[in-house]
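Beneath this line is the structure, given in structure tokens, with notes to follow.
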């Protein structure tokens with residue numbers, strides 16, 4: 001998802017050591033400081049990462065290392081809270097209902113607004129079209145003014161705030177101001193179509209909608225107003241709308257005046273109305289909702305995943321300070337939109353007193369190295385991107401180290417899909433030799449990582465470095481037995497603080513249980529097909545479900561089906577991933593109604609519908625007519641079977657299908673061997 005990807009990977013025998021940290025880097029790392037802190041606090045004798053990991057997931061009743069780990073992490077990271085409390089974990093034997101720090105009272109935004117000086121907090125670039133920076137002092141000031149306005153219009157804890165915004169300075173400000181009051185934020189990026197936004201925001205009934213008038217992509221300035229007008233018409237719960245000027249200029253809201261019972265505001269006018277005051281940080285329970293994220297929508301409209309403030313904060317601090325070695329005043333960049341959980345991950349770096357680099361637009365405009373130019377000019381310590389971006393640079397024969405010095409760069413993070421072995425080589429040969437290459441994987445489901453980097457460990461070719469501290473990750477075979485150096489299902493066998501609080505409108509946790517706990521009893525089943533290697537690294541071989549992952553972005557098939565099956569010509573359809581040139585592409589198969597045929601016009605109309613109503617990423621690479629579609633006996637279509645057939649993988653348990661004979665229609669299709 002990060003994250004829950006379905007990509008072919010590599011075999012473990014390809015793995016060789018590509019990087020090893022220096023003695024000086026190890027000695028100065030936050031992990032070594034943390035180990036010394038734990039040894040002193042608990043009279044331990046931990047000497048390396050593996051010993052730390054094993055202790056952090058220990059659930060022995062005499063030791064309870066896992067509980068001590070999370071409690072000590074809280075103290076080590078100096079979390080600001082009205083109260084921490086003595087109770088660390090309740091109901092630890094019931095994964096679904098486990099509760100961490102039940103006595104705690106804290107505020108997420110307070111922990112991110114630690115710095116108040118004139119250092120630059122946020123560096124913003126929109127390709128080569130527009131740049132803007134603000135200081136920590138100005139960030140605090142704008143949050144203060146916006147908070148006063150939100151109070152005036154009646155925003156309070158548990159109210160939903162919907163943000164249709166790009167990766168921008170204002171996105172961070174609105175998050176912090178909303179979180180300071182205990183409101184719940186939910187994001188969609190402007191590349192989503194109207195229906196895709198409504199399918200998400202419509203479920204959570206927001207009362208405040210925030211949007212930017214424009215955004216930038218591939219050298220073009222795009223106007224959002226027409227799309228926004230359609231969205232607002234379809235969300236009846238809205239009471240207030242705020243428009244933000246993308247280019248920080250005077251704007252008018254004349255186009256918004258026709259909506260009855262909705263008040264409209266311009267962000268710049270809000271800032272002019274209020275003087276800066278001390279920010280009020282509402283002290284709230286550890287599990288108080290902070291974000292509503294969305295599943296891919298494979299089996300219907302996307303599920304709304306609610307994440308708590310305390311778990312998100314604690315998990316992100318762990319990953320940033322220990323796994324990524326972030327330090328105060330570091331500059332952190334992750335290429336992401338607000339609709340992907342890596343944006344929320346990035347913003348939490350403010351809690352480590354870091355500055356953020358924010359980028360909106362195409363990573364290839366005006367040239368393929370625009371992101372690298374950004375991090376080099378601003379002297380970033382951490383650069384995060386997708387595996388696909390790294391692979392693209394390699395295919396374009398880019399040699400960034402011939403152009404940029406990257407003197408400050410310590411770590412490169414890669415996620416969105418497994419990073420190929422050849423791309424590991426490219427990073428060390430063409431970007432920087434002395435850098436920790438941290439491949440990450442986890443997802444929207446946990447708003448963080450299960451497996452990620454280790455700044456004091458070696459980097460092996462094609463392997464994710466380690467399992468996350470405090471995350472009891474194992475690999476199960478089909479019978480639920482734990483295996484080592486063998487492919488199987490990645491599972492987590494003990495609760496962790498950043499698991500979802502609940503799913504929205506899932507009061508009995510039916511959807512929650514079905515999503516993660518049906519395969520193995522009281523064990524989180526993540527759906528990745530993985531192996532733990534001899535180095536205790538991780539290789540991800542692919543997804544064990546049917547989620548689509550073109551370019552590393554999770555897409556649910558149901559979103560595609562809802563659009564395609566509105567066409568009169570289409571009786572039903574099925575969409576699957578095809579592994580193609582170190583990436584995935586979407587193949588859409590159509591079962592057409594009698595008397596209709598697949599024409600170029602129909603193909604174009606379907607692609608346009610998906611592009612306009614969902615997003616450009618939903619558009620299939622191939623659309624192919626087929627006589628029939630395989631189903632289970634209960635009538636559910638079987639994506640995994642079709643995906644296996646087109647990859648020449650044997651289909652098991654055909655007897656569970658109602659019409660297994662139709663699988664032959666998907667064999668030896670010529671179009672699947674063509675660009």
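The values are calculated or read from the model by the stated rules, or taken from the named source; none is laboratory data. Being a predicted model, the structure only gives us computed values, none of them experimental. Note: ideal-geometry Cβ built from the backbone for every residue, glycine included; neighbour counts use all protein chains shown.
Residues checked against (1) touching a residue at least 60 places away in the same chain (Cβ under 8 Å); (2) under 27 Å from residue 348 (Cβ atoms):
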{"residue": "161", "(1), (2)": "no, yes"}
{"residue": "169", "(1), (2)": "yes, yes"}
{"residue": "176", "(1), (2)": "yes, yes"}
{"residue": "185", "(1), (2)": "yes, yes"}
{"residue": "202", "(1), (2)": "no, no"}
{"residue": "217", "(1), (2)": "yes, yes"}
{"residue": "224", "(1), (2)": "yes, yes"}
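Take the conditions surrounded by 15 or more Cβ atoms within 10 Å (Cβ to Cβ) and touching a strand residue (DSSP E or B) at 6+ places or on another chain (Cβ under 6 Å) and apply them to residue 106. Does it pass?
Judged against the criteria, residue 106 is a match.
This table checks each residue for (1) in contact (Cβ under 8 Å) with a residue 60 or more places away in the chain; (2) surrounded by fewer than 24 Cβ atoms within 10 Å (Cβ to Cβ); (3) on the phi < 0 side of the Ramachandran plot.
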position	(1), (2), (3)
272	no, yes, yes
285	yes, yes, yes
290	yes, no, yes
294	yes, no, yes
302	yes, yes, yes
318	yes, no, yes
327	yes, yes, yes
332	no, no, yes
340	yes, no, yes
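For the range 57-65, check the following and say yes or no: at least one residue is within 17 Å of residue 317 (Cβ to Cβ), surrounded by 14 or more Cβ atoms within 10 Å (Cβ to Cβ) and outside the structural domain of residue 181 (by TED's automatic domain parsing).
Looking for residues that are within 17 Å of residue 317 (Cβ to Cβ), surrounded by 14 or more Cβ atoms within 10 Å (Cβ to Cβ) and outside the structural domain of residue 181 (by TED's automatic domain parsing), one finds none in the range 57-65, hence no.
Could you check the range 344-362 and list, in sequence order, the residues that are within 25 Å of residue 247 (Cβ to Cβ) and surrounded by fewer than 21 Cβ atoms within 10 Å (Cβ to Cβ)?
Correct list: 362 only.
For residue 49, are the conditions met, namely being in contact with a helix residue (DSSP H, G or I) (Cβ under 8 Å, 6 or more places away or on another chain), at pLDDT 95 or above, in the same structural domain as residue 78 (by TED's automatic domain parsing) and under 19 Å from residue 460 (Cβ atoms)?
So residue 49 passes the test.
Tell me which of these residue 412 doesn't satisfy, since it passes every other one: (1) in contact (Cβ under 8 Å) with a residue 60 or more places away in the chain; (2) in contact with a strand residue (DSSP E or B) (Cβ under 7 Å, 6 or more places away or on another chain).
Tallying (1) in contact (Cβ under 8 Å) with a residue 60 or more places away in the chain; (2) in contact with a strand residue (DSSP E or B) (Cβ under 7 Å, 6 or more places away or on another chain), residue 412 fails exactly one: (1).
Just to be sure I understand, how many residues within the range 512-524 are in contact with a strand residue (DSSP E or B) (Cβ under 6 Å, 6 or more places away or on another chain), surrounded by fewer than 19 Cβ atoms within 10 Å (Cβ to Cβ) and not in a loop (DSSP other than H, G, I, E, B)?
Within the range 512-524, residues that are in contact with a strand residue (DSSP E or B) (Cβ under 6 Å, 6 or more places away or on another chain), surrounded by fewer than 19 Cβ atoms within 10 Å (Cβ to Cβ) and not in a loop (DSSP other than H, G, I, E, B) number 0.
If you take the residues in the range 416-428 that are buried (at least 17 other Cβ atoms within 10 Å of the Cβ) and at pLDDT 90 or above, which one is farthest from residue 553 (Cα to Cα)?
Among those that are buried (at least 17 other Cβ atoms within 10 Å of the Cβ) and at pLDDT 90 or above, it is 428.
Answer yes or no as to whether residue 442 is over 20 Å from the mean Cα position of the chain (by Cα), surrounded by 24 or more Cβ atoms within 10 Å (Cβ to Cβ) and modelled with pLDDT under 95.
no
Of the residues 80, 145, 156, which is surrounded by fewer than 18 Cβ atoms within 10 Å (Cβ to Cβ) and more than 26 Å from the chain's Cα centre (by Cα)? Before you say what the answer is, go through the steps one by one.
On the way: 80 fails: more than 26 Å from the chain's Cα centre (by Cα); 145 fails: surrounded by fewer than 18 Cβ atoms within 10 Å (Cβ to Cβ).
Answer to the check: 156.
I need the full set of residues from the range 537-561 which are part of a helix (DSSP H, G or I), in contact with a helix residue (DSSP H, G or I) (Cβ under 8 Å, 6 or more places away or on another chain) and modelled with pLDDT of 75 or more, in order please. So that I can check it myself, show each step before the final result.
From the range 537-561, those part of a helix (DSSP H, G or I) are 550-552, 557-561; that's our starting set.
If we keep only those that are in contact with a helix residue (DSSP H, G or I) (Cβ under 8 Å, 6 or more places away or on another chain) too, we end up with 550-552, 557, 559-560.
Result: 550, 551, 557, 559, 560.
Take residue 406 and decide whether it is within 21 Å of residue 216 (Cα to Cα) and either surrounded by fewer than 17 Cβ atoms within 10 Å (Cβ to Cβ) or in contact with a strand residue (DSSP E or B) (Cβ under 9 Å, 6 or more places away or on another chain) (or both).
Taking the combined requirement at face value, the residue does not satisfy it.
Looking at (1) part of a loop (DSSP other than H, G, I, E, B); (2) out of contact with any strand residue (DSSP E or B) (no Cβ under 9 Å at 6 or more places or on another chain); (3) on the phi < 0 side of the Ramachandran plot, which one does residue 251 not meet, given that it meets all the others?
Looking at each condition in turn, residue 251 falls short on (2).
Go through (1) outside the structural domain of residue 245 (by TED's automatic domain parsing); (2) part of a strand (DSSP E or B) one by one and return the number of the condition residue 134 breaks.
Of the numbered conditions (1) outside the structural domain of residue 245 (by TED's automatic domain parsing); (2) part of a strand (DSSP E or B), the odd one out for residue 134 is (1).
Given the options 663, 588, 602, name the one that is more than 22 Å from residue 549 (Cβ to Cβ), crowded, with 18+ Cβ neighbours inside 10 Å and in contact with a helix residue (DSSP H, G or I) (Cβ under 8 Å, 6 or more places away or on another chain).
Residue meeting the stated conditions: 663.
Could you count how many residues in the range 487-503 are under 18 Å from the mean Cα position of the chain (by Cα) and assigned to a loop (DSSP other than H, G, I, E, B)?
Of the residues in the range 487-503, 6 are under 18 Å from the mean Cα position of the chain (by Cα) and assigned to a loop (DSSP other than H, G, I, E, B).
Looking at the range 25-68, which of its residues are assigned to a loop (DSSP other than H, G, I, E, B) and under 29 Å from the mean Cα position of the chain (by Cα)? Full working, then the answer.
Here is the first cut: in the range 25-68, the ones assigned to a loop (DSSP other than H, G, I, E, B) are 28-29, 43-48, 57-64.
Selection gives 29, 57, 58, 59.
Go through (1) buried (at least 24 other Cβ atoms within 10 Å of the Cβ); (2) free of Cβ contacts under 8 Å to residues at least 40 places away in the same chain and name the single condition residue 448 misses.
Failed condition: (2).
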